[in-house]
Amino acid sequence: MPYSHRFRVFENCDSASAQVAAEIAQLIRERAILGRHVVLGLPAGKTPVPLYEELIYLHREESLSLANVVTFNLDEYIGLPASHPGSFRAFMQRTFFDHVDIPAENIHFLSGNVSRAEATSHCADYEHKIAAAGGIDFQILGIGRNGHIGFNEPGCMADSRTRPVTLFDMTRRDTARWFPGIERVPNRALTMGCGTILEARRIAVLAWGSRKSRIVRRAIQGPVTADVPASYLQAHPGAIFYLNSSAAACLKSK
Ligand code: F6R
């Protein structure tokens, strides 16, 4: 695929998010007419906040019902109860799920509370639930400054499945804002695997700001390598990066 098909550049994160929200809304409405559900894979973090705000706006102001939406979040810290303000579950609830009409039983999370012994079967069960829902129609991703997607850190395999992982220090530093200090950020997490993510029918990767510009270039225009897990997306015909101009600043034009 030519480079230029792998990304779209927008003036700012709001216009990029509005485009992705419009695509999600169209899919939701098309499926609703057919009486079918839509399966979304969702990230936590700072990047998707304007997307969630736009979907909430469409729900409130343009009567978009999300009653036929099923969600699977990408990842969760190990060792945090769902009620901890730093958990991705709590983040998603206050940022998105509390404000739309997705039925509670359609919302799926990896649990940060499973024991080491239970983790493997819990992750396998998550994969079964995704398959039973018909697979992920539209996966939304952020990207870490080290190229991680979900919590698949550099070195992970392209065909990795949902599993427990150890977080890199850069990742823990970058997510420390929800915790009193970096030492309180868990160093283990459960994440959907790269293989799980790559099975989604469509993938939108969102990235904003100059902090992400170098890794965005390596992901889109660099070699496909385990050093940059997001580069695995180059093999997916339906994966597109949605960038604001500063996140796109390092891309070569050809
Ligand atoms: C979060 C996730 C991570 C983030 C990435 C970017 O569920 O899976 O891959 O998308 O760390 O985080 P932000 O958006 O905070 O820059």
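The values are calculated or read from the model by the stated rules, or taken from the named source; none is laboratory data. Note that the structure is predicted; figures quoted are calculated from it, not measured. Neighbour counts run over all protein chains shown; Cβ positions are idealised from the backbone, glycine included.
Checked against (1) at pLDDT 95 or above; (2) away from the ligand (no atom under 14 Å from the Cβ), His84 passes all but a single condition, namely (1). Could you check the range 47-66 and list, in sequence order, the residues that are of a type in the set (D, E, K, R) and surrounded by 14 or more Cβ atoms within 10 Å (Cβ to Cβ)? Glu53, Glu54, listed by residue number.
Counted as qualifying within the range 1-101 are the strands (runs of 3 or more DSSP E) with 1 or more residues that are touching an Asp or Glu at 6+ places or on another chain (Cβ under 7 Å), namely 38-42. Candidates are the residues of the range 108-167 that are touching a Phe, Trp or Tyr at 6+ places or on another chain (Cβ under 7 Å) and part of a loop (DSSP other than H, G, I, E, B); the one that is farthest from Ala235 (Cα to Cα) is Gly112.
Can Tyr232 be described as in a helix (DSSP H, G or I), buried (at least 16 other Cβ atoms within 10 Å of the Cβ) and among the aromatic types (Phe, Trp, Tyr)? Spelling it out, Tyr232 is indeed in a helix (DSSP H, G or I), buried (at least 16 other Cβ atoms within 10 Å of the Cβ) and among the aromatic types (Phe, Trp, Tyr). Suppose the filter is more than 14 Å from the ligand (Cβ to nearest atom), on the phi < 0 side of the Ramachandran plot and crowded, with 17+ Cβ neighbours inside 10 Å; does Val165 pass it? Considered against the rule, which asks whether it is more than 14 Å from the ligand (Cβ to nearest atom), on the phi < 0 side of the Ramachandran plot and crowded, with 17+ Cβ neighbours inside 10 Å, Val165 comes out as no. Under the condition of being within 16 Å of Gly195 (Cα to Cα) and surrounded by 16 or more Cβ atoms within 10 Å (Cβ to Cβ), the residues counted in the range 207-229 number 3.
Please verify whether the range 54-64 includes one or more residues that are under 19 Å from Asn12 (Cα atoms), within 17 Å of the chain's Cα centre (by Cα) and touching a residue at least 60 places away in the same chain (Cβ under 8 Å). Checked the range 54-64: no residue is under 19 Å from Asn12 (Cα atoms), within 17 Å of the chain's Cα centre (by Cα) and touching a residue at least 60 places away in the same chain (Cβ under 8 Å). State yes or no: is Ala204 modelled with pLDDT of 95 or more, crowded, with 17+ Cβ neighbours inside 10 Å and part of a loop (DSSP other than H, G, I, E, B)? Considered against the rule, which asks whether it is modelled with pLDDT of 95 or more, crowded, with 17+ Cβ neighbours inside 10 Å and part of a loop (DSSP other than H, G, I, E, B), Ala204 comes out as no. Considering the range 108-139, and only residues there that are surrounded by 13 or more Cβ atoms within 10 Å (Cβ to Cβ), farther than 17 Å from Ala44 by Cα and among the hydroxyl-bearing types (Ser, Thr, Tyr), the residue that is modelled with the highest pLDDT turns out to be Tyr126. For the range 40-81, a residue qualifies if it is within 11 Å of the ligand (Cβ to nearest atom) and polar (S, T, N, Q), and the qualifying residues are Thr47, Asn73.
Among the residues of the range 29-46, those that are surrounded by 22 or more Cβ atoms within 10 Å (Cβ to Cβ) and of a type in the set (Gly, Ala, Ser) comprise Gly41, Ala44.
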